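What follows is a set of notes on a single structure, which appears directly below.
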Amino acid sequence: MSAKEKAKAKAEQLAGKAVKKGAQATGDRKTAAKGSALESRGKAREAKEKGKDAFKR
């Protein structure tokens, strides 16, 4: 996995967690769901890149 893509995936995960926690603290379910989706997208990106690395070897 390239360092740039790895950083991008981690950044999405962290941003999603932050949005989700902030929304949960205020009771905003819709924004919490968006944060959760952002976090999941980061995890999916990371899994995709790991899969690409597996085939490169």
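Here the sum of -39500 (n - 2.57) over DSSP H runs of 4 or more residues, divided by the residues of the chain, equals -32500 deg cm²/dmol at 222 nm, to the nearest 500. In the chain, the alpha-carbon atoms span a convex hull of 45 Å³ per residue. Per-atom-type breakdown for the chain gives carbon and sulfur 57% of the accessible area (1.4 Å probe, protein chains only). With all protein chains kept in place, the per residue accessible area of the chain amounts to 74 square angstrom at a probe of 1.4 angstrom. At a Cα cut-off below 13 Å, give the aspartates and glutamates reachable from K43, other chains included and same-chain residues fewer than 8 away excluded. Leaving aside aspartates and glutamates fewer than 8 places away in the same chain, those within reach of K43 are E5, E12.
The values are calculated or read from the model by the stated rules, or taken from the named source; none is laboratory data. Because the structure is a prediction, the values reported are computed rather than measured. We work out accessible area using only protein heavy atoms, side chains counted, and drop any ligands, DNA or RNA first. Shrake-Rupley method; radii C 1.70, N 1.55, O 1.52, S 1.80 Å.
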